[in-house]
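This report concerns only the one structure given below.
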Amino acid sequence: MTTFVDRVELHVAAGNGGHGCASVHREKFKPLGGPDGGNGGRGGDVTLVVDQDITTLLDYHHSPHRKATNGQPGAGDHRSGKDGQDLVLLVPDGTVVLDRSGNVLADLVGQGTTFVAGQGGRGGLGNAALASARRKAPGFALLGEPGEARDIVLELKTVADVALVGYPSAGKSSLISVLSAAKPKIADYPFTTLVPNLGVVTAGSTVYTIADVPGLIPGASQGRGLGLEFLRHVERCSVLVHVLDTATLESDRDPVSDLDMIEEELKQYGGLEDRPRIVVLNKIDIPDGQDLADMIRPDLEARGYRVFEASAVARTGLKELSFALAGVIAEARAAKPVEVATRIVIRPKAVDDAGFTVTLEEDGIYRVRGEKPERWVRQTDFNNDEAVGYLADRLNRLGVEDQLMKAGARAGDGVAIGAEDNAVVFDWEPTMAAGAEMLGRRGEDHRLEAPRPAAQRRRDRESERDEVQREFDDFNPF
């Protein structure tokens, strides 16, 4: 059963905003007490938070669909809806967030680092908030906006100071087991290590982490073996340690050619050229291994490598290696710039941004794109004529009609507001006058030519009742 997962595709959906309420206050001796509809609650966000106690993305592998709760709708008597509860997803330190195209959205390093993966929808305004001097009793409310929903990819890149790289069965797992308290699986066959192992090493006053990466083979950077899947785990390390097998039983291999092959794969993968290298000649407890180490050590040192001889079985050379790594890591940490607490500057996005564009598309449709027009369309209840008239007023005041005229639009031309996959399309009829003074009964707008069947049926029934009453009055002589 899989217990380590370092890459998952996550489907997140923030909560929808609650709808506003259209209500009129009713009280004895106050038949028209005024609008008292409350606002809808905000939808919950989906937030990723780094927790150093989490080491794998396994939970999201089994449950990739995550959704925050919706905001509650408003109610009468000026009662606002309850906000939706934010959904907090804990991820390991070193998690990279990408979109489905591979673009990096966030690099989450450090305890408590957060990233909002899905923004909750804002709640709709109730009719009490929409009341004005010209529209004293609105018969409509705004709808809540849908929450943000998208697919993201989470990739885990192990945060370690040292990365052990080498051929399969070179002894990397054995070294990490004796240098630290880690207990990786150890066996005498290739690819025993299927997932990265992480251990903590203490050398004097320096404490550092060491990672054992699954063995690399020729073509690892192109996906052969397990290399490409786990090479990302060496990207954050401060030093690379080449573990070379001096007692290999394969006649076509030798430690120097192994080193050249691993370096070529690291070069093909890219981004690791500036990391210091240390070479460990492992398995010197075997007589042939010690002889081969003595033979190739001068050549490796002539290339500029720091070379150490070690044996995990005999526990020789480990102290020297551990303190040498501690020295390199201490230098790397000292060379890093001092981390100064970042001053948090909040720059909220302007909600009154009136920018929008009007473009004529190939199919003859005029498309309106802009934050405000698209948000207003999402908030409009198109089953309510007065709400549609209110939308027309807002678009007119924003200047959408003027821009349509400048773009060459004429009465009857098709106009779409929003993206292609979620747009509202209608036949444009220029508005000569706009305002609440043209409104009739609550919930109706005389500017709309589209009939309302329910309202017409109600008028017909009232007319029939009046006709019956008149006939009865004419027939009744008393």
Open item on the list: Can you give me the accessible area per residue for segment 383-434, using a 1.4 Å probe, in Å²?
Closed with: 54
TODO: At a Cα cut-off below 18 Å, give the aspartates and glutamates reachable from Lys67, other chains included and same-chain residues fewer than 8 away excluded.
DONE: Glu9, Asp45, Asp59, Asp83, Asp86, Asp99, Glu145, Glu148, Asp151
- [ ] Quick one: go through segment 38-66 and flag any residue whose amide nitrogen is under 14 Å from the point 7 Å out along the Cα-to-Cβ line of Val88.
- [x] 45-54
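What number comes out for accessible area per residue over segment 39-169 if the probe is 1.4 Å? Units Å², please.
Averaged over the residues of segment 39-169, the accessible area is 45 Å².
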Task: Lys319 paired with Ala131, simple spin-label distance in nm, labels 7 Å along Cα-to-beta-carbon - done: 8.5
TODO: Decide, for segment 95-175, between rounded, prolate and oblate: order the square roots of the alpha carbon gyration tensor eigenvalues as a ≥ b ≥ c, take rounded if a/c falls under 1.5, and otherwise choose prolate if a/b is larger than b/c, else oblate.
DONE: prolate
TODO: Place the peptides 397-409, 88-100 in order of packing, highest mean first, counting for every residue the other Cβ atoms within 10 Å and averaging per peptide.
DONE: 88-100, 397-409
Open item on the list: Restricting to DSSP loop positions (anything but H, G, I, E, B) with no more than 15 other Cβ atoms inside 10 Å of their own Cβ, which trypsin sites (Lys or Arg not before Pro) remain in segment 268-341?
Closed with: Arg303, Arg315
Task: Debye, to nearest 20: dipole size of segment 19-130, +1 on Lys, Arg Cβ, -1 on Asp, Glu Cβ - done: 780
Open item on the list: So, R0 is 30 Å and r is the distance between the beta-carbons of Arg397 and Glu462; what FRET efficiency does that work out to, to 0.05?
Closed with: 0.25
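Roughly speaking, what is the stretch gain from Glu429 to Lys267, that is 0.36 nm per residue apart minus the C-alpha to C-alpha distance, in nm to one decimal? Please report the intermediate quantities before stating the final value.
Numbers: separation 162, 0.36 × 162 = 58.32 nm, distance 6.34 nm.
Separation in residues times 0.36 nm, less the Cα-Cα distance, equals 52.0 nm.
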- [ ] With a 1.4 Å probe and every protein chain kept in, tell me what percent of the accessible surface of segment 1-86 is carbon plus sulfur.
- [x] 49
Task: Cα shape, segment 1-122, gyration tensor, a/c 1.5 rule - done: prolate
Task: Ala149 long-range amide H proximity, modeled H, under 5 Å - done: Ala14
TODO: Set the Förster radius R0 to 30 Å, insert the Cβ-Cβ distance between His25 and Arg369 as r into 1/(1 + (r/R0)^6), and round the FRET efficiency to 0.05.
DONE: 0.15
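Of the accessible area of segment 275-316, with the probe set at 1.4 angstrom, what percent is carbon plus sulfur?
53
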TODO: Would you compute the Debye intensity of segment 268-344 from its alpha-carbon atoms alone, equal scatterers and no solvent, and pass along log10 I(q)/I(0) at q = 0.11, 0.20, 0.22 Å⁻¹ to two decimals?
DONE: -0.43, -0.98, -1.08
Open item on the list: Using 0.36 nm times the number of residues separating Asn103 and Asp291, minus their current alpha carbon distance, what extension gain do you get?
Closed with: 62.7 nm
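The values are calculated or read from the model by the stated rules, or taken from the named source; none is laboratory data. Note that this is a predicted model, so its numbers are computed, not measured. Here Cβ is always computed from backbone atoms with ideal geometry, including for glycine, and neighbour counts include all displayed protein chains. The area values use the complete protein model at the heavy-atom level, side chains included, leaving out ligands, DNA and RNA. Shrake-Rupley method; radii C 1.70, N 1.55, O 1.52, S 1.80 Å.
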